[in-house]
Every structure is written in structure tokens, then in C-alpha cells.
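Some notes on the structure that comes next.
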Amino acid sequence: MIHHQHDIVIIGAGLAGLRAALETSQVADTAVLSKVFPTRSHSGAAQGGIAASLANASDDSWEVHMFDTVKGSDYLGDQDAIEILVKEAPATVIEFEHMGVPFSRNPDGTIAQRRFGGHSRPRACYAADYTGHVLLHTLYEQCIKHGVNFYSEFYVVSLIMNKGNCCGVVALDIIGGELHIFHSKAVMFATGGYGRAYKITSNAHANTGDGLSIVYRIGIPIEDMEFVQFHPTGLYQHGILVTEGARGEGGYLLNRDGERFMKRYAPEKMELAPRDLTARAEQTEINEGRGIDGKDYILIDLRHLGAEKIMERLPQIHDLALSFVGVDCIKEPVPIQPTAHYSMGGIPTNKHGQVVIDKDNTPVKGLYAAGECACVSVHGANRLGTNSQLEASLFGRRTGKTMAEFLQREEGFTPLPEDAAKPAEEEIAAILGNEGKESVAQIREELQVSMMDNCGIFRDEKKLQKELEIIKGLQERYKHIHIDDKGKRCNTDLIDALELGHLLDFVEVIVAGALNRTESRGSHYRTDYPKRDDENWLKHTLAYRTDKGPRFDYKKVVITRYQPTERKY
Amino acid sequence: MEITFKILRFDPDKDKKPYYRKYTVKVEPGMTVLDGLNEIKWRQDGTLSYRRSCRSAICGSCAMTINGVNRLACNTQILLLKRKTIVVEPLRRFPVIKDLIVDMDDFFEKIAIIKPYLIANSPAGPRERFQSPEDRKLLDEAVICILCGACTSSCPSYWYNKNYLGPASLFKAYRFIFDSRDEGTEERLRIISDRDGLWRCHSIFNCVEACPKSLNPTYAIAELKKKIVTTKL
């Protein structure tokens, strides 16, 4: 066992983790742990833009951005947090520009902005369709400049708590195979999303949501997990993201009849309706036999944009469609289908990034979270495109600031409990020693396929009940797995098994939460309860782990400026 | 269609020297080399180690040598290679840690050497710094680099002299030197005109061939050479 001591440990090196690290590394001894090298983080796969009411392309204001976001969230977003998000958005983007982010430009030299779904103004600041990539790389470059301390390819296995305080993590050095204890005064989770719970996803292999179950396992609740965003445009059969910016630039969605079917679902906004509505429209077309050749896909048509605009604004989309589905989008429409994309729910936090454990927002000392793994909640039941890059960066910075302030008050380290590494050691030993007959890949495959079928865009009681049974069966089978690799060096077989253990723990919360919420709101659509029910369900779900499955409690939605009304586009 | 994957394996904890191991994979149209590796790892041999994450050619994890050419496993379609046998090896010249996983510390240190961050000491003011679309266009290629290492690993100059900065590092230098907002040109030009710097590039163009994002580091290095010749240091 190798011991380290750092004031602050940040887990995850995407936008939230890196931005927090930049904030804290100036004033405190900070370590960033990431299971992939920082620039491999999935923030880099974001394409279309980051939202801010800069008003470079039209009139705009934070109030309009706020209303769009609240309405987009189907009124489940906390409006105090949303107000912070939209008010600080312009400063966040300007700060990025000053750091060197190569945004695309208007002829007058200002940052270019494009349209995006659910935003009533052109508000997405972009760098062609590589926005996440350049934001991530710029933050990493700033981290090099400021000497941030990275532990790359370290996989966090468990959290260390003592007397209710968080005092560190246990992590596996993937390359060397040794367990390390990181003793700290503050721990921040910035571990991203969990698209890999689904078969068709835009997410990376690494997006297995480990952070969620690490905290869930030790009694901290997770919030609003039933809200899973399906992005309307994933490359057919691959799920790889085709940016919403493609529709922002004017792309059409077409069914088998060549019809722009969105006119029947969102006559005003058409293809630029929010993602929940658009993904449902597509799935309806497919379910009613209007997919291409009656199959489970439709088309996005960019041909009318012309080669020049496509190559200037959407070069990555051109490249991806060519590489993965063999289609030149200048000449042909691209086959697409909805793809599991983003988690609105996550580890509950307050506006300062402190993890909170109950409906009264009681914080856990020393524990923080931001970005997709967290739920603050600015996205409510449905996130608008380009708000996630904003949230991760902005709340990453805020959380960093909170931790820095906390350290000024906090003198010493909470002592480590005895056997701090024991749960991690036992979990790993159990996997390495298990000689069962079940395969990790097989269980994961069955999970991903069944989640797609039973807990996807359209849900009902019967399907969700069935999925809960399936998950329980898979959890049982997981106890009898075996892995081939029993060595220490680069044991990615072991990592796959650990990740599957996490997936199986928190998917139960997604499904049970979806079963529990007998209404339709944002991304959560129950065909047996198709209406939003503000009287009973205008509240956040908190799920606590028990041996019999999740126990639910609820938290009030913060409503300040905009009262819930019917949501139409 | 059945395809043979011939993979260079090496676990220094167990093996005296590297060896090739063959696997047979049933390949459907559209399957990538990464899909093939996953198929092997998930269903045949879990001890095979490689890096992968985004599987959409943006994270840069899965650069490796495929039939002798450096590529990303994730955006290389197996059937388009038109071979019955696919030979997969770790990136050349980087020390092998295990199987297809190589040590990239030196690669990233060489990126850090050229000060890969905007150097702008003039106050920026409350709004964005302005940049014309024409000036921004100079960066179109360089900012797309995903730091996968395919270029540097393919460079004969780097094979012969490990101190050479290599195409990825120089491409990063180009990204800032040709950024109209940057004020660090002189200090970077001094760094890259060092004896292990850009004069080691002999325009062999391997890096251009190797780049999985179809970028042109050789062109960028040529532009940097011009810049040095025309700048008084």
C-alpha cells in the first residue's frame, strides 16, 4: 500500500475536474486522479458549443437564457442554481477565450455563436464542431502552465470516510497494479456520466458512472437518476454523436417519406426543439414504421448547407460519417438514431459544489462534486445542448473556489480510519479470486441491451418492472464472474469488472426511480402516465441504498422567477 | 468473414520477450479494429491490454501500428484494409508497458517543453480578444491534434534521436506561434530551434501519412522554419 497526502484530491480530469484544479492548485496542494490521461476525458467529445448570452449574433440576455433553461428542464431545474449558471456564463466563456480557446470568429473578430435546440437565441459559442476538444485541451494546457499534479490512469475504487467526514480515496494504479491511499482534507468527484449503461450511446467506453455508485454504496443519496437524456442524432448502430450544431446550422430530420416530420411535433421550433421532444419524435416515427426502409433509423440531411459550410462549421461530422457509416454528408443524408447521451441526475450538491445528503441540503464535510456526475440541479428533467460544457466549467470553478476557502479554515487532516483500504482490497481480491462461470462482457451486454429496451425513451410500468428483475438477476450473476487476467500490470480486465459492478449498482436506481415517478417530465416519459403532474411530482428524487433496493425521499424544487406552465415548442 | 488478428503481446512480468499471438474474429461490415480487439478481449482472451475510450477518433487513446501503419484502432474499418490477416503492434519507438500499451511520458514531456499555452501579457479587457476569421483559419488544423502520438512514433528522425522534439510537439508550437493573440513567439522559437528541435525534421512526411485526423505536421514545421529564418532572435 502506497500512501499519499494532498490537501485536495480531484477525481476526473474533464472540464469540471480540470477547471477546479486550476482554481485550487494556486493555493493548496492538489492532486488530480483520472482513469484516463486528462486529454482523453470525454468532455473532449462534446462538439457543438458552450452557451453564453454574449449577444454577438443577436440580442440576448441572461434572463432569456434563464427562461430557456428553466423551460427546457421541464421546470425541474433549481432556479437559484440556473440563475448562477446563466449570469456567470458570459464571464466563463470570456475567461476561456483569454486562456486561449480558439473559438470560431465573426467577421468583426468576436466569438461566433450558433443556434441550438431549445435556445431561443443563437447562443452557442463554438470552435467548428470541436468545441469540447479545444476547451479540454486549453484547460489541460493551463494545468501544465500552473504545474497541476496529475495521477493519470489511476482508478478510484472507494471513498474513505471517518466520523462523517470525507478524508480521502483508495485508488488503483492501472499501470503498476498497486493500491494507493490518498489522504486529503477535501475530495471532489468530477467523474462524468454513464452512457455505457446503454447499448447505443454517444459516450466513451470509460463513461461507466463509477463515481455515482462509489458514493451511493456508502449511504450518500443520488438525485433524479430517472432522467436520462437521449441525443436525437447518433450515427446509426454506433451511437456516435452528430452534433446538434448540425441542426443549428440548418440540417433537416427526414423520415422514410422524405418528410421533415418535426413539423408535426414542434411546428415552431422544428429541428431545434429540445432533445427530449426531438428524440421522442424520432422514436415515434421509427415505432410507427416511418424509419428508413421500416428500420430503426431516420436521416439527417445536410446537403443543402453546401460543401463549404459543412467543411468550415462541421468538419468532424463530415469525417465521422465517412469513417463510421461510409456516408459523405455533402452528397448524401446520414443515417441516425437516438443515442443515450447525458445524465441529468447525479450526486446531489448545493450551489457551492458541496455534496449534500438530504432534503434539507445538509453538506458532507470534505466532499464535493461538479459536472455531469453531480446534480445541482441546473438541467432538471432535460438538459439543453451547450449548457453542459457551461455547467461543468462554471461549477467546476465554483467548487474549486469553495474547496480553497474550506482549506483556509481547515487546519488539519481528519485521521484515516483503521483499515481505510479494506473495502477496496476486498472488492479487488474477490474479483481476482472468483472462479465463477459468468463473463463480465456477457453480463454487461445483457444489461445494455435490456436498458435500451425497457428503460429508454418510452417507459411503462411493465417494462420497468421487467428491467428491475433483469438487473437483480444480473447482480446475482455478477457474484459468479471470472476474469482471465490475474496479473498486476495494466489489468484492464479487472477494471472492466470493477466498472460493471458500479453499473449494476446505480442502474437499479435509474429503473426504480423511473418506476416510482408516475408522470412524464422532460426526458422521463411514461406511456402509462403521459402527462406532467406538478401536484405530485414537482420534486427531486433522492435515492438511498438499502439491502432491499433504493429507498426514496424527495427534495423541493427551487422556483424563483418562473412558475411552471405548459411546455410547448 | 473470418479475419486473423496477429497481435504483438508482451507482459514483462511474465514474458522473456515479445511474441505474436493469433486470434480469429468473425468480422461484419462496419467493424473497426477496436471492435475486433474488444471482441478478442471480451470473448477470447481477457489478458490482452490496450487503451481505448471514446471510439470516435477524438480522445487519442488507441493509436497503434496496424499492418505497419500508425492508425487509430477505433476509426479503422477492418474490411477496408483488404487483408485476411491484421497485424497489430504497439506504437513504434515508445517503450512497451504491456501488449499495446506504451509509455507516453516522454511524448507528453516534449509537448510541455514548448510552453503549450497562450502567452499574452497585454491586458485582455472585459471582452474577448478579437481575432479575424482569417487569422483563426491558420489554426484550423493545429487545434484539432488529439495528441495520440501516431505522428511522432512514425518519424524516422525520432527513431534515430529520441531527444528530437518530434512532429506533435512542433505542431503544438505552431498552434501558438501562429495564433494572432499569442506573444510568446520568440521564446518558443528559441526552444524549437535548439539542436534537437525542428531542424531535425527532414520532410520525410511519415507524420502526414500517419495522422489519423488527416493533419499536416510537416507543413506546419516548414512554416515554423520560415518563421525562424525571418525572425531576428
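The values are calculated or read from the model by the stated rules, or taken from the named source; none is laboratory data. Values in this document were obtained by computation on a predicted structure and should not be read as measured data. Every residue, glycine among them, receives a Cβ derived from its backbone with ideal geometry; neighbour counts consider all protein chains shown. The accessibility values were calculated without ligands, DNA or RNA, using every heavy atom of the protein model including side chains. Shrake-Rupley method; radii C 1.70, N 1.55, O 1.52, S 1.80 Å.
Among the residues of region B:24-44, write down those that are open to solvent by 10 Å² or more (accessible area, probe 1.4 Å) and within 14 Å of chain A (Cβ to nearest Cβ). Result: B:Glu28, B:Pro29, B:Gly30, B:Met31, B:Asp35, B:Glu39, B:Lys41, B:Trp42, B:Arg43, B:Gln44.
Looking at A:Glu461, is it touching a residue at least 12 places away in the same chain (Cβ under 8 Å), acidic (Asp, Glu), surrounded by fewer than 16 Cβ atoms within 10 Å (Cβ to Cβ) and touching a helix residue (DSSP H, G or I) at 6+ places or on another chain (Cβ under 9 Å)? Taking the combined requirement at face value, the residue satisfies it.
Residue-level check: of (1) charged (D, E, K, R); (2) within 14 Å of another protein chain (Cβ to nearest Cβ); (3) in contact with a Lys or Arg (Cβ under 8 Å, 6 or more places away or on another chain), B:Lys162 misses just (2).
A quick yes/no check of all residues on (1) surrounded by fewer than 16 Cβ atoms within 10 Å (Cβ to Cβ); (2) among the aliphatic types (A, V, I, L, M); (3) touching a residue at least 60 places away in the same chain (Cβ under 8 Å); (4) in a helix (DSSP H, G or I):
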| position | (1), (2), (3), (4) |
| --- | --- |
| A:Pro423 | no, no, yes, yes |
| A:Glu427 | no, no, yes, yes |
| A:Ile431 | no, yes, yes, yes |
| A:Asp453 | yes, no, no, yes |
| A:Gly456 | no, no, yes, no |
| A:Glu467 | no, no, no, yes |
| A:Gly473 | yes, no, no, yes |
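Quick check, is B:Arg83 more than 19 Å from B:Ser154 (Cβ to Cβ), open to solvent by 30 Å² or more (accessible area, probe 1.4 Å), within 21 Å of the chain's Cα centre (by Cα) and not assigned by TED's automatic domain parsing to the domain that holds B:Cys211?
Details: more than 19 Å from B:Ser154 (Cβ to Cβ): yes; open to solvent by 30 Å² or more (accessible area, probe 1.4 Å): yes; within 21 Å of the chain's Cα centre (by Cα): no; not assigned by TED's automatic domain parsing to the domain that holds B:Cys211: yes.
No; evaluated as a whole, the condition is false for this residue.
Of the residues making up region B:76-97, those that are away from chain A (no Cβ under 14 Å) and assigned to a strand (DSSP E or B) are B:Thr85, B:Ile86, B:Val87, B:Val88, B:Glu89.
Sort out which residues of region A:105-149 are open to solvent by 20 Å² or more (accessible area, probe 1.4 Å) and among the hydroxyl-bearing types (Ser, Thr, Tyr), and write them in order of number. Passing the criteria: A:Ser120, A:Tyr140.
State all residues of region A:257-270 that are open to solvent by less than 30 Å² (accessible area, probe 1.4 Å) and free of Cβ contacts under 8 Å to residues at least 60 places away in the same chain; if no residue qualifies, say none. A:Phe261, A:Met262 - these are the residues of region A:257-270 that are open to solvent by less than 30 Å² (accessible area, probe 1.4 Å) and free of Cβ contacts under 8 Å to residues at least 60 places away in the same chain. Please go through region A:500-544 and pick out each residue that is open to solvent by 30 Å² or more (accessible area, probe 1.4 Å) and free of Cβ contacts under 8 Å to residues at least 40 places away in the same chain. Within region A:500-544, A:Thr518, A:Tyr529, A:Pro530, A:Lys531, A:Asp533, A:Glu535, A:Asn536, A:Lys539 meet the criteria.
When region B:86-111 is examined, which residues are found to be among the aliphatic types (A, V, I, L, M) and in contact with a Ser or Thr (Cβ under 9 Å, 6 or more places away or on another chain)?
Going through region B:86-111, the residues among the aliphatic types (A, V, I, L, M) turn out to be B:86-88, B:91, B:96-97, B:100-102, B:104, B:111.
Of everything in region B:86-111, those that are among the aliphatic types (A, V, I, L, M) and in contact with a Ser or Thr (Cβ under 9 Å, 6 or more places away or on another chain) turn out to be B:Ile86, B:Val87, B:Val88, B:Leu91, B:Ile97, B:Leu100, B:Ile101, B:Val102, B:Ile111.
What is the residue count in region A:271-304 for residues that are surrounded by fewer than 18 Cβ atoms within 10 Å (Cβ to Cβ) and part of a helix (DSSP H, G or I)? Give the derivation first.
In the first step, residues of region A:271-304 are kept if they are surrounded by fewer than 18 Cβ atoms within 10 Å (Cβ to Cβ); the result is A:284, A:287-290, A:293-296, A:303-304.
From what is left, the residues that are part of a helix (DSSP H, G or I) are A:284, A:287, A:293-294, A:303-304.
The number of residues fulfilling the criteria is 6.
For region A:524-540, the tally of residues that are in contact with a strand residue (DSSP E or B) (Cβ under 6 Å, 6 or more places away or on another chain) and assigned to a strand (DSSP E or B) stands at 3.
Would you pick out the residues in region A:475-492 that are in a helix (DSSP H, G or I) and within 14 Å of chain B (Cβ to nearest Cβ)?
From region A:475-492, those in a helix (DSSP H, G or I) are A:475-478, A:492; that's our starting set.
Of everything in region A:475-492, just one residue is in a helix (DSSP H, G or I) and within 14 Å of chain B (Cβ to nearest Cβ), namely A:Thr492.
Filter region B:165-213 for residues that are within 22 Å of B:Cys59 (Cβ to Cβ) and among the basic types (Lys, Arg); which is farthest from the chain's Cα centre (by Cα)? Here the residue is B:Arg175.
Would you pick out the residues in region A:433-444 that are in contact (Cβ under 8 Å) with a residue 12 or more places away in the chain, part of a helix (DSSP H, G or I) and of a type outside the set (Val, Ile, Thr)?
A:Ala441, A:Arg444
Take A:Ser152 and decide whether it is open to solvent by 10 Å² or more (accessible area, probe 1.4 Å), in contact with a helix residue (DSSP H, G or I) (Cβ under 8 Å, 6 or more places away or on another chain), of a type in the set (S, T, N, Q) and more than 10 Å from every other protein chain (Cβ to nearest Cβ). Answer is no for this residue.
The listed residues are B:Pro126, B:Pro116, and the only one of them that is part of a loop (DSSP other than H, G, I, E, B), touching a residue at least 12 places away in the same chain (Cβ under 8 Å) and either within 11 Å of another protein chain (Cβ to nearest Cβ) or closer than 21 Å to B:Tyr20 by Cα (or both) turns out to be B:Pro116.
Where in region B:141-233 are the helices (runs of 4 or more DSSP H), entirely inside, with at least 1 residues that are open to solvent by less than 10 Å² (accessible area, probe 1.4 Å) and either under 24 Å from A:Phe103 (Cβ atoms) or assigned by TED's automatic domain parsing to the domain that holds B:Leu91 (or both)?
Working: elements: B:150-154, B:156-160, B:167-177, B:185-192, B:206-210, B:217-230.
The helices (runs of 4 or more DSSP H) meeting that bar are B:167-177, B:185-192, B:217-230.
Of the residues in region A:325-345, at least one is within 11 Å of chain B (Cβ to nearest Cβ), not in a strand (DSSP E or B) and not hydroxyl-bearing (Ser, Thr, Tyr).
In region B:98-108, is there at least one residue being assigned to a strand (DSSP E or B), within 16 Å of B:Leu37 (Cα to Cα), touching a residue at least 24 places away in the same chain (Cβ under 8 Å) and among the acidic types (Asp, Glu)? No, region B:98-108 contains no residue that is assigned to a strand (DSSP E or B), within 16 Å of B:Leu37 (Cα to Cα), touching a residue at least 24 places away in the same chain (Cβ under 8 Å) and among the acidic types (Asp, Glu). One residue stands out among those in region A:155-197 that are touching a His at 6+ places or on another chain (Cβ under 9 Å) and of a type in the set (Phe, Trp, Tyr): the one that is surrounded by the most Cβ atoms within 10 Å (Cβ to Cβ), which is A:Tyr194.
Reported count of residues in region A:86-102, each being touching a helix residue (DSSP H, G or I) at 6+ places or on another chain (Cβ under 6 Å) and either surrounded by fewer than 19 Cβ atoms within 10 Å (Cβ to Cβ) or not small (Gly, Ala, Ser) (or both), is 7.
All conditions in (1) buried (at least 20 other Cβ atoms within 10 Å of the Cβ); (2) in contact with a strand residue (DSSP E or B) (Cβ under 8 Å, 6 or more places away or on another chain); (3) within 23 Å of A:Lys486 (Cα to Cα) hold for B:Leu8, with the sole exception of (1).
When residues in region A:92-115 are screened for being under 25 Å from the mean Cα position of the chain (by Cα), within 8 Å of chain B (Cβ to nearest Cβ), more than 16 Å from B:Val143 (Cβ to Cβ) and among the charged types (D, E, K, R), 0 of them pass. Do the conditions hold for B:Arg55, that is, is it surrounded by 14 or more Cβ atoms within 10 Å (Cβ to Cβ), facing another protein chain (nearest Cβ under 9 Å) and not in a helix (DSSP H, G or I)? For B:Arg55, the condition - surrounded by 14 or more Cβ atoms within 10 Å (Cβ to Cβ), facing another protein chain (nearest Cβ under 9 Å) and not in a helix (DSSP H, G or I) - is met.
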